[in-house]
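Data first, discussion second: the structure below is written as structure tokens.
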Amino acid sequence: MTKQILEKFDMEKIVSLCRRRGFIFPSSEIYGGLSSCWDYGPLGVELKRNIKQAWWRAVVQERDDMVGLDASILMHPQVWEASGHLKGFSDPLVECKSCHLRWRVDDLKDSNCPSCGGELTEPRLFNLMFKTFMGPIEDEASVVYLRPETAQGIFVNFQNVLNTTRKRLPFGIAQVGKAFRNEITTGNFIFRSREFEQMEIEFFVKPETAKKWFNYWLEERLNWYVKLGIKREHLRLRPHTKKELAHYARDCSDIDYQFPMGWSELEGVANRGDFDLVRHASHSGKSLDYFDEEAKEHFTPYIIEPSAGVDRSALAFLCDAYDEEPDNDEIRVLLHLHPSLAPIKVAVLPLSRREKLAKVAKEVYADLRQCWMVQYDDAQSIGRRYRRQDEIGTPFCVTVDFQSLEDEQVTIRERDTMNQIRVPISELKTTLAAKLSGEELFVLPPGGTIWKVEKEGV
Ligand code: ATP
């Protein structure tokens, strides 16, 4: 992002782009919206799927010490007793005596209401878990909770996974899923909402190796964001002070991102020690020990937990990718999204709607969509269509022109540089596959030529 842009960059630009182009809408908008809940539109759902897929690929598919899980959202109420959520998952809260808005004590800068300046009540604890009832009778015995984190589903399945996969330490379990928190202060778009998605890893290790694995996962997770395009200088590690540490944690560090509203947590990496397995073993009466065959001893593993948010990651990827460039008298808005995250990988654009051209363009489109999410756009000028694709982060546009009818070649235009090459249609799929995997645009396939150099050296 250019400096000039960064200075006037604020969340409104992202919110407005997301709304305008169908990434994210307020939930239940026709009824006036539901506070801090969001709906992901046609492009947003692709972005989110791509983030989750990239995460799963990095932490499960490409590793042999990790397996996946998909536990149910509703869990036995005792889980939350054992985890400490029923007792400890509360934020101290104050209420304004005049306007009745509630505030988190941690967020207050002075002793009056930030909204109207009114007097505030004494703090009281407020449990963040959503309650509901299971079965036909709504009484205390049927209370269940919507999970406030996915982690507990992993802990209670530790023995199941161990027995069925025959994994040995160190190994981890990964899970992606919805979590719900009745947050007091929400806002900053999808940064903090009441329904969100998490991507969590619980990595089980021998206690004496916990520190090493904690550092390993911190670095691994930080690098994941960088590999997917977030600028390193927009990320920082922030170790928790002793006072800040959650009740279960021995060590914790946040991976912060420089969001438009300032540095804020993107992901937390914690050393949870043996807290969770010991608690669940004592509440359930089931052993959650591990037997080390070499040392012939039983012990409770320690757990390293990298816990990320899908929505916060989406926001960080969008903010980091957002850019504006002068374009004659206008501004070219573009998202420099990494190709593996871009909702649409390729757009097919016939230069005109004439039948002969449309036929070839539709054939190209039909062929490419076997491999990727591809858009076909034949409305308005080619310049406008390029801009529409730039704004949603589509890495490549394929243009079918009149010459294509003669030479069976098409042009490929790269989003970031606007440079173009011309390639035979028979080479198009393999060429795009290579470019989407990071190959330089000007590395040409057989029969390919450099077509247009828009910005040299970019
Ligand atoms: P915060 O202090 O910002 O409320 P937290 O420390 O409570 O976050 P964790 O419990 O560590 O968050 O959750 C792990 C991750 O889940 C966070 O790093 C974040 O990406 C995501 N997350 C947590 N709460 C929310 C929320 N209300 N909305 C969106 N994402 C969330």
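For segment 253-263, the set of residues classified as open to solvent by 40 Å² or more (accessible area, probe 1.4 Å) and within 16 Å of Glu233 (Cβ to Cβ) consists of Gln258, Pro260, Trp263, listed by residue number.
The set of residues from segment 315-357 being surrounded by fewer than 16 Cβ atoms within 10 Å (Cβ to Cβ) and hydrophobic (A, V, I, L, M, F, W, C) comprises just one member, Ile331.
Is it the case that segment 246-255 has a residue that's of a type in the set (Gly, Ala, Ser) and away from the ligand (no atom under 16 Å from the Cβ)? Looking through segment 246-255, none of the residues is of a type in the set (Gly, Ala, Ser) and away from the ligand (no atom under 16 Å from the Cβ). Among residues of segment 181-210 that are among the hydroxyl-bearing types (Ser, Thr, Tyr) and at pLDDT 95 or above, none has a beta-carbon under 7 Å from a residue that is more than 8 Å from the ligand (Cβ to nearest atom) and open to solvent by less than 10 Å² (accessible area, probe 1.4 Å) at least six positions away or on a different chain. Listed conditions (1) more than 15 Å from Leu315 (Cα to Cα); (2) touching a residue at least 40 places away in the same chain (Cβ under 8 Å); (3) within 12 Å of the ligand (Cβ to nearest atom) are all met by Arg238, apart from (2).
Of the set (1) near the ligand (Cβ under 10 Å from one of its atoms); (2) modelled with pLDDT of 95 or more, all apply to Asn215 but (1). Of all residues in segment 24-50, those satisfying the criterion of being within 16 Å of the ligand (Cβ to nearest atom), within 22 Å of Arg388 (Cα to Cα) and not in a strand (DSSP E or B) are Gly44, Leu47, Lys48.
Within segment 61-108, the residues that satisfy the criterion of being of a type in the set (S, T, N, Q) and assigned to a helix (DSSP H, G or I) are Gln61, Gln78, Ser83.
Note on segment 267-310: among residues that are assigned to a strand (DSSP E or B), among the charged types (D, E, K, R) and within 30 Å of Leu237 (Cβ to Cβ), the one that is nearest to the ligand (Cβ to nearest atom) is Glu267. Scanning segment 380-423 for residues being open to solvent by less than 10 Å² (accessible area, probe 1.4 Å), closer than 17 Å to Pro339 by Cα and assigned to a helix (DSSP H, G or I) gives a total of 3. Restricting segment 131-184 to residues that are closer than 23 Å to Arg272 by Cα and among the small types (Gly, Ala, Ser) leaves a set whose member that is surrounded by the most Cβ atoms within 10 Å (Cβ to Cβ) is Gly172. The number of residues in segment 208-241 being surrounded by 13 or more Cβ atoms within 10 Å (Cβ to Cβ) and among the acidic types (Asp, Glu) comes to 1. When segment 232-263 is filtered for residues that are more than 28 Å from Ala321 (Cβ to Cβ) and hydrophobic (A, V, I, L, M, F, W, C), the ones remaining, listed by number, are Leu245, Ala246, Ala249, Cys252. Among residues belonging to segment 35-51 that are under 21 Å from Gln198 (Cβ atoms) and loosely packed, with under 15 Cβ neighbours inside 10 Å, point out the one that is modelled with the lowest pLDDT. So the residue we want is Ser35. Do we have any residue at all in segment 278-286 that's open to solvent by less than 40 Å² (accessible area, probe 1.4 Å) and more than 29 Å from Ala321 (Cβ to Cβ)? Yes, the conditions are met somewhere in segment 278-286.
Please verify whether Gly117 is part of a loop (DSSP other than H, G, I, E, B), more than 27 Å from Lys48 (Cα to Cα), open to solvent by less than 50 Å² (accessible area, probe 1.4 Å) and out of contact with any Gly (no Cβ under 6 Å at 6 or more places or on another chain), treating the condition exactly as stated. Considered against the rule, which asks whether it is part of a loop (DSSP other than H, G, I, E, B), more than 27 Å from Lys48 (Cα to Cα), open to solvent by less than 50 Å² (accessible area, probe 1.4 Å) and out of contact with any Gly (no Cβ under 6 Å at 6 or more places or on another chain), Gly117 comes out as yes.
The single condition among (1) farther than 28 Å from Val94 by Cβ; (2) surrounded by 15 or more Cβ atoms within 10 Å (Cβ to Cβ); (3) modelled with pLDDT of 95 or more that Arg250 does not meet is (3). No other residue among Glu195, Glu220 is charged (D, E, K, R), within 16 Å of the ligand (Cβ to nearest atom), under 22 Å from Ile73 (Cβ atoms) and out of contact with any helix residue (DSSP H, G or I) (no Cβ under 6 Å at 6 or more places or on another chain) apart from Glu195.
Being crowded, with 16+ Cβ neighbours inside 10 Å, under 30 Å from Trp38 (Cβ atoms) and in contact (Cβ under 8 Å) with a residue 12 or more places away in the chain is a property that Leu266 has.
Within segment 127-167, being more than 15 Å from the ligand (Cβ to nearest atom), in contact with a Phe, Trp or Tyr (Cβ under 9 Å, 6 or more places away or on another chain) and basic (Lys, Arg) holds for Lys131, Lys167.
All told, Gly177 falls short of being in a helix (DSSP H, G or I) and within 15 Å of the ligand (Cβ to nearest atom).
The values are calculated or read from the model by the stated rules, or taken from the named source; none is laboratory data. Computed from a prediction, not measured in an experiment: that's the story for all the values here. Please note: Cβ atoms are built from the backbone with ideal geometry, for glycine as well, and neighbour counts cover all protein chains shown. Surface areas here come from the heavy atoms of the whole protein model, side chains and all, with no ligands, DNA or RNA. Shrake-Rupley method; radii C 1.70, N 1.55, O 1.52, S 1.80 Å.
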